[in-house]
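Okay, so here's the structure we're looking at.
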Amino acid sequence: MFLENAIRKGWIEVICGSMFSGKTEELIRRLKRAQFANQKVEIFKPRIDVRYSEEEVVSHDANAIRSTPVESPQNILLMTSEVDVVGIDEAQFFDASIVDVCRQLADSGVRVIVAGLDMDYTGRPFGSMPALMATAEYVTKVHAICVRCGNLAHHSHRLTADETQVMLGAHETYEPICRHCFAELRRQEAQSAPQTDPHPHTPPHHETK
Ligand code: ZN
């Protein structure tokens, strides 16, 4: 468990992992501890994430805490005067300036807690999360359980054929799976993918799930 070690104020914490790994729950846990200590806490998320509520950071178990949706990371700087702790959820959806905004906040004495997906559904590092992890003092990787084998899950496997990187959803569109089940799926996909197609009019292959 992460324990604060506050000798001097101002640092960056990153909480990352796959879908259903408990990132937001861990963010909320840390923010509530700070609130109990009478610290002034503000929470932000990108406006893109409107799955549940416009005004709350909501984890999948509905353990909610009020937050402000913002268009751009710069807006966070405008809304955080005299704040002790800033929480940022779904940070992978912010543009690259989120890294500098977090640095400015931490430099000015604010504790910054950033939660986000470390990888997209193809297994590539997601948005600015790698840069945030590199510049943070503390990085916590949290894990879901693989729905296929029970190992620690590392990937968010998308259950639909949509190929856009930003696709919001929960149980109906993603499942947490481990490295080995992810690699096995990749092997199966590679095997069933059409080679150079000799019949250009054949309909494209669709996987049935
Ligand atoms: Zn597995």
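Here are some notes:
- Scoring N75 on the criteria (1) open to solvent by less than 10 Å² (accessible area, probe 1.4 Å); (2) in a helix (DSSP H, G or I) leaves a single failure, condition (1).
- Selection from the stretch 140-167 of residues that are within 16 Å of the ligand (Cβ to nearest atom), in a loop (DSSP other than H, G, I, E, B) and at negative phi: H143, C146, V147, R148, C149, N151, H154, L159
- Selection of the stretch 107-127 for residues being open to solvent by less than 10 Å² (accessible area, probe 1.4 Å) and out of contact with any strand residue (DSSP E or B) (no Cβ under 7 Å at 6 or more places or on another chain) yields only D120.
- Residue match in the stretch 171-182 (condition: assigned to a loop (DSSP other than H, G, I, E, B), under 27 Å from M1 (Cβ atoms) and in contact with a Cys (Cβ under 7 Å, 6 or more places away or on another chain)): yes
- Per-region count, the stretch 106-139, residues farther than 24 Å from P176 by Cβ and assigned to a loop (DSSP other than H, G, I, E, B): 4
The values are calculated or read from the model by the stated rules, or taken from the named source; none is laboratory data. Quick caveat, the model's predicted, so the values are computed rather than measured. Quick reminder, even Gly has a Cβ in these numbers, built from the backbone with ideal geometry, and neighbours come from all protein chains shown. Each accessible area value is taken on the protein alone, full model and side chains, heavy atoms only, with ligands, DNA and RNA left out. Shrake-Rupley method; radii C 1.70, N 1.55, O 1.52, S 1.80 Å.
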